[in-house]
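Bear in mind these aren't lab numbers, they're just calculated from the coordinates by the rules spelled out. Just so you know, these numbers come straight off a predicted model, no measurement behind them. As a convention, Cβ positions derive from the backbone with ideal geometry for all residues, glycine included, and neighbour counts pool all protein chains shown.
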Protein chains: 2
Amino acid sequence: MRLRFRQSLDDLKEKLLVMAGMAEQAIQRAIEAYRVRDTSICDLVDRGELAINRLEREIDQMALDLLAMEQPMAIDLRFILAVIKINADLERVGDAARSISDRVRELQAFPVADLPIDIPRMASLAGSMVRKALQAFIEADAQTAETVLSMDDSVDKLNGAAHYTLLTLMKKEPNLTPQALNALMISRSLERVADHATNISEDVIFWVRGADVRHKMGEKPATEKTGTRS
Amino acid sequence: MRLRFRQSLDDLKEKLLVMAGMAEQAIQRAIEAYRVRDTSICDLVDRGELAINRLEREIDQMALDLLAMEQPMAIDLRFILAVIKINADLERVGDAARSISDRVRELQAFPVADLPIDIPRMASLAGSMVRKALQAFIEADAQTAETVLSMDDSVDKLNGAAHYTLLTLMKKEPNLTPQALNALMISRSLERVADHATNISEDVIFWVRGADVRHKMGEKPATEKTGTRS
């Protein structure tokens, strides 16, 4: 029974990694659609978002089943809760990809403008944050998770700079406002992706620190309330 | 013991309602700060966000303790998971309020512009979505939750209209671009608040439908996996 529970925890982790891969791919595709102005890639993003939403519910249900299955230990509980939270963040990375894809569609109505911001670079940074956060999760590594938190500042700065640059451009060349505004929204979406990677890292830290707390459980109950466990 | 568990579930619900009240107040304050251009209200929003973040962690810990305390029934499990998810959404409503407050601070550098969009109206609609979603949660009422989902379309439309109106304005009067852009970002933040209310409603539906599933549990195990429970 306990063995089967451990196997189920592994399955859950595996599924979350699939979810992460899909979310990351969605962002890559959306940015590729932006780069080459190809709405057929947007269609892929939109279909992918539906699959991501389905997988989110599936992972939630698995987590629920695991909690119902038997009385998980404190460390397993924290792990399952971390999965539930990371799952929600990954789903919203999918939403961000969808938002970017919507913007690319809108851009089709306007001539291509050479804008002074580097969207692909921002995307690559945000994407690597998601990857690193998931790596921290796989390896239960709070230190790696902390490096993600510091990367968030860089993305915020890039987004702030993009905001300023595009605002200046819109004032100087109002005819480019639609293109600049769409790029600005894409930049904001990428900043949100970075925020989700940050949330994931915080959840990993919460989970791993919980593991540390648990090591002290031999001496005394973890908290007042869990002290009543048999 | 069981009685104490029920009492703890009630405490958890109570705390989540406090969290909801704080998130709602944060939005109201941020919009008031925008309306009267008063950055001292922004300070309140910023301090409030820290309190919201603290309460989020506290609620998560309570939920974790409850899961650890004893083996909750399927319906209680779903309830606790719904709380964890709603909690995360409320925290992000607080983030949205903070974003709006940041925009209000930026706006101080520019002359007041009379913009052709009704931010307070959008805020009131988004706020009422949050309230209604929480009402659905308190009353375990999936139908009320579903009305919130339909309200989301109205907010999306208002946001879309604001986007178009402000884009047109920026093209025609480039000198108003900073003000229009900030208003547009505030409109987007309010749309996100509405999205969070939508997420909360979906979680309520997930929880309540879980309750329905549970009613059938007398005949057979709820799922393959929970069938192994004692």
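Arrange the peptides B:148-154, B:107-113 so that the one whose residues have, on average, the most other Cβ atoms within 10 Å appears first.
Packing proxy ranking, top to bottom: B:148-154, B:107-113.
Shortest first and in nm with one decimal, please list how far the A:GLY160 label point sits from its counterparts in the other copies (point 7 Å along Cα→Cβ).
Taking the point 7 Å beyond Cα along Cα→Cβ, the inter-copy spacings are 3.5 nm.
What's log10 of I(q)/I(0) for chain B at q = 0.08, 0.16 Å⁻¹, Debye sum over Cα points only, no solvent?
Normalising to I(0) and taking log10 leaves -0.36, -1.04.
Full-extension gain between A:ARG105 and A:GLU58, please, as 0.36 nm times their residue separation minus the C-alpha to C-alpha distance.
13.9 nm
Using only Cα atoms, what is the ratio of the radius of gyration of the protein assembly as shown to 2.2 N^0.38 Å?
Working it through for the protein assembly as shown, the quotient is 1.00.
Each residue of segment A:8-20 in order: what ³J(HN,Hα) in whole Hz does its phi give by Karplus 6.51 cos²θ - 1.76 cosθ + 1.60, θ = phi - 60°, with x for Gly and Pro?
The phi angles translate into 5, 4, 4, 4, 4, 4, 4, 5, 5, 5, 4, 4, 4 Hz.
I'd like the orientation of helix B:142-172 relative to chain B: the angle between its Cα long axis and the longest Cα principal axis, in ° from 0 to 90, rounded to 10.
Tilt relative to chain B: about 20 degrees.
Roughly what would the spin-label model give for B:ARG47 and A:GLU173, points 7 Å off Cα along C-beta, in nm?
4.7
Please give the calculated 222 nm ellipticity per residue for the protein assembly as shown, where each DSSP H segment of at least 4 residues contributes -39500 (n - 2.57) and the sum is spread over every residue; nearest 500 deg cm²/dmol?
Mean residue ellipticity at 222 nm (helix-derived): -30000 deg cm²/dmol.
Taking a label point 7 Å from Cα toward Cβ, how far is B:ARG47 from its twins in the other copies, in nm, shortest first?
Nearest to farthest, the other copies are at 5.4 nm.
Under the rule a/c < 1.5 gives rounded, and otherwise a/b versus b/c splits prolate from oblate, where does segment A:47-166 land using the Cα gyration tensor?
oblate
Work out from phi, with θ = phi - 60° and the Karplus expression 6.51 cos²θ - 1.76 cosθ + 1.60, the ³J(HN,Hα) of each residue of segment A:63-70, listed in order in whole Hz, and give x for Gly and Pro.
4, 4, 4, 5, 5, 7, 4, 7
At B:THR39 and A:ARG209, where each label point lies 7 Å from the Cα along Cα→Cβ, what is the point-to-point distance in nanometres?
3.2
Towards the positive end of the charge dipole of the protein assembly as shown, with charges on Cβ (+1 Lys, Arg; -1 Asp, Glu), say which of B:PRO120, B:MET73, B:ALA33 has the farthest Cα.
B:MET73
Beyond a 28 Å Cα-Cα separation, which of these cross-linked pairs lie in this structure: B:LYS85/B:LYS157; A:LYS85/B:LYS13; A:LYS132/B:LYS132?
As for pairs spanning more than 28 Å Cα to Cα, those are A:LYS132/B:LYS132.
Residue by residue through segment A:95-101, what is 3J(HN,Hα) from phi via Karplus (6.51 cos²θ - 1.76 cosθ + 1.60, θ = phi - 60°)? Round to whole Hz and write x for glycine and proline.
4, 4, 4, 4, 4, 4, 4
Please state the shape class of segment B:93-138: rounded when a/c is under 1.5, otherwise prolate if a/b exceeds b/c and oblate if not, all from the C-alpha gyration tensor.
Judged from the Cα gyration tensor, segment B:93-138 comes out oblate (a/c at least 1.5, b/c at or above a/b).
So for B:ILE80, A:ILE186, fewest C-beta neighbours within 10 Å to most, what's the order?
B:ILE80, A:ILE186
With the label 7 angstrom out along Cα to Cβ, how close does A:GLN108 come to the same site in each of the other copies, in nm, nearest first?
Result for A:GLN108, in nm, nearest copy first: 4.5.
By how many nm would the segment from A:VAL112 to A:VAL18 lengthen if fully extended, with 0.36 nm per residue of separation less the alpha-carbon distance?
Here the answer is 30.3 nm.
Could you tell me how many degrees, from 0 to 90 and to the nearest 10, lie between the Cα long axis of helix A:119-138 and the main elongation axis, the longest principal axis, of the Cα atoms of chain A?
So the inclination is approximately 10 degrees.
So how strong a dipole does segment A:135-195 carry about its Cα centre when Lys and Arg Cβ are +1 and Asp and Glu Cβ are -1, to the nearest 20 debye?
Using Cβ point charges on Lys, Arg, Asp and Glu, segment A:135-195 gives about 560 debye.
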